[in-house]
Every structure is written in structure tokens, then in C-alpha cells.
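The values are calculated or read from the model by the stated rules, or taken from the named source; none is laboratory data. What you see is a predicted model, and the numbers here were worked out from it, not measured in a lab. Because the Cβ atoms are built from the backbone with ideal geometry, glycine has one as well, and the counts that use them run over all protein chains shown.
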Amino acid sequence: MKKNKLQDQFFAELEKVPIIQVACEKTGVSRNSVYRWRREDKMFAKKMDESLANGVALVNDMSESQLLTLIKEKNYPAISFWLRHRNDNYKNKLEISTAEDNEELTPDQAKIVRHALKLASITKSKSIKKINTKSHE
């Protein structure tokens, strides 16, 4: 019975602050015990994941509330952060344009595109390899 009560207290703390170490300290449970319970008990692992997710959602809500408060106070970094992450017009963009009508890339152009894609982390290496192959054909 004591174990179940401790586990329930641990879950409650994890929902308040989604940091395992903090929940352990607040309930007097060791991290080793928590991870052993998680490994041995699928229901505990499921409840722990749910508690963590609920805790993260709570912190996200509080953070957005604080961000909105800063925006209302005309805090420029907060305004900029919101716009860059929530409005497509302000997101960082990569634009590649050319004045040439030819749709085939020259080797130099293909190299520039590959480099730009790597920098932008838009594509995986397989897609870059396809560009390499097509530009050498």
C-alpha cells in the first residue's frame, strides 16, 4: 500500500513540475526506484508518461501566458519570438531564385543548392544524393 501511495504522490508532483529529479525529491523516492518501477511495471511506465505529458502541457500553458503578458507590455523580443514561431510571414526563410529559363542546374548551381539545403536542414542526405546524381548525368 505504501508503494502505491508513494507512486501516486510521485505522479502528482510530476504533473506540477515535469522533472523526474524534482518529483523524486518532493516525494522522497529515489531515481533508481522510479526507473526500476518503470522497467518492471508497464502500468507505472504508462502513468509516468501521462504525468510527464500533463506536466509539460501545464508548463507550456504557463509559458505562453507569460509570453502573452510580455507581448501586451510591448516587449519587442517577446513580440519577435511569437511572430517568428507563429506567423509564416515572419519565419526564417530560404529563397533561391534564378533569372535563367533553363530548368537544368549547372554543376555550380547544384553545389549551391546542396549547400543551401544542408544549411536549412530541409532535406535528408538521400535527397541531396539524388541532386548530386542528377547534376552529374
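Miscellaneous remarks
- Any hit, the range 74-81, residues being of a type outside the set (Phe, Trp, Tyr) and closer than 30 Å to residue 115 by Cβ: yes
- Hits in the range 9-34 (condition: surrounded by fewer than 14 Cβ atoms within 10 Å (Cβ to Cβ) and either more than 20 Å from residue 59 (Cα to Cα) or not assigned by TED's automatic domain parsing to the domain that holds residue 58 (or both)): 28, 30, 31, 32
- Here residue 69 fulfils each of the conditions (1) within 30 Å of residue 3 (Cα to Cα); (2) of a type outside the set (A, V, I, L, M, F, W, C); (3) surrounded by fewer than 15 Cβ atoms within 10 Å (Cβ to Cβ) apart from (1).
- Pairs are defined by a Cβ separation below 7 Å, a sequence spacing of at least 6 or placement on different chains, a first member in the range 14-26 that is in contact (Cβ under 8 Å) with a residue 12 or more places away in the chain, and a second member that is among the charged types (D, E, K, R) and crowded, with 18+ Cβ neighbours inside 10 Å; the pairs so defined are 23/13; 26/13.
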